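Everything below concerns the one structure shown next.
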Amino acid sequence: MFSINMKMFVQGISIVALTGAGVSAESGVPTFRGPEGLWRTFRPEDLATPEAFARNPTLVWEWYDWRRRRIAACQPNPAHRVLAEMEATLPDFILITQNVDGLHQAAGSRKVLELHGNIWRVRCTRCGKVVEDRRVPLPEIPPHCACGGLLRPDVVWFGEPLPTDVLQQAWEAAKRCRCMLIIGTSALVQPAASLPVIAKQSGAYLVEVNVADTPLTSLADEVLRGPAGEVLPRWWEARRASLSGWRCQ
Ligand code: OAD
């Protein structure tokens, strides 16, 4: 039980949450896998690789513009909000997300490590400049930078490395955390899926929050089966008082 493992927190509480598309599902953002998942309708190799963008930037941008419009109509749900509350309450809390939708920040989270980038930023393929652009729909597809270069979404595509500094911080957080919440991810995409394994090997208590089993379920110390927006607030409510008293050493 979680209370037994509370002893671990005396050494310095560090809680990490790793989120995936499932945390935004109740906000109306489609997940990637599963019956309604984006990868059921679209092929990643046509839309989410550097080769696809080189072949047809207009097609890729049309898809991203459609996703941006869908996300723009979505609001954070109770799971996003409770994670923001954890950050505000706990002395040592870090959120690592695979999501590009920006809903964690919209809910108030500030310490967010975005492993796969952010759909609201664009990056110039010529000068490398990164800027936020929240216009929906985009007035020009494909969009261009002031330097004349072609802009791309500032997200990580298949076959691309993750941002080194972000990944480094995520590894470190996974290694030193005492508890990792794994929320709404199928745990099929690397290197994100390895973070809970690293945390477990370093002695962390793993809590999985998901509507279905994943490859990490058997590794978890506690499994909260159900929609994140329902089960995560209940979990936090039951533990907030005991967790928030501890200080990181
Ligand atoms: P997936 O679509 O692979 O998995 C979503 C997970 O959320 C599944 O395990 C579902 O069971 C679970 N889920 C669905 N609704 C839920 C809910 N209401 N509450 C809790 N869990 C729920 O999404 P990710 O694991 O995030 O990468 O996918 C990882 C990466 O694969 C994405 O970042 C993206 C994708 O290809 C890139 O585009 C690089």
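Computed from the coordinates by the stated procedures, all read-outs in this text should not be read as laboratory data. Quick caveat: nothing in here was measured; it's all calculated off a predicted structure. Cβ atoms come from the backbone with ideal geometry, glycine included; neighbour counts cover every protein chain shown.
To the nearest 10 degrees, how steeply does helix 78-89 sit against the main Cα axis of the chain, on a 0 to 90 scale?
60 degrees
Taking only pairs that are 8 or more places apart or on different chains, how many Lys pairs in the chain have Cα atoms under 24 angstrom apart?
So the count works out to 6.
Could you order the peptides 58-64, 149-155 from most to least packed, using the average number of other C-beta atoms within 10 Å per residue?
So the order, starting with the most tightly packed, is 149-155, 58-64.
So how do ILE71, ILE198, ILE141 line up by other beta-carbon neighbours within 10 Å, fewest first?
Arranged by neighbour count, lowest to highest, ILE71, ILE198, ILE141 become ILE141, ILE198, ILE71.
What are the semi-axes of the equivalent ellipsoid for the chain, taken as the square roots of 5 times the Cα gyration tensor eigenvalues, largest first, in whole Å?
Ellipsoid half-lengths, sorted descending, are 33, 18, 17 Å.
Counting other C-beta atoms within 10 Å, which of ASP165, ASP92 has the fewest, and how do the rest follow?
ASP165, ASP92
Rounded to the nearest Å, what's the spacing between the alpha carbon centres of the range 84-148 and the range 155-228? Just the number, please.
Measuring centre to centre over Cα atoms gives 20 Å.
What is the order of TRP66, TRP157, fewest Cβ neighbours within 10 Å to most?
Least to most surrounded, the residues fall as TRP66, TRP157.
If packing is taken as the average number of other Cβ atoms within 10 Å across a peptide's residues, how do 109-122, 15-28, 227-240 rank, most packed first?
15-28, 109-122, 227-240
On a 0 to 90 degree scale, rounded to 10, what angle separates helix 164-176 from the longest Cα axis of the chain?
10 degrees
So, by mean Cβ neighbours within 10 angstrom, what's the order for 177-189, 201-213 with the highest one leading?
177-189, 201-213
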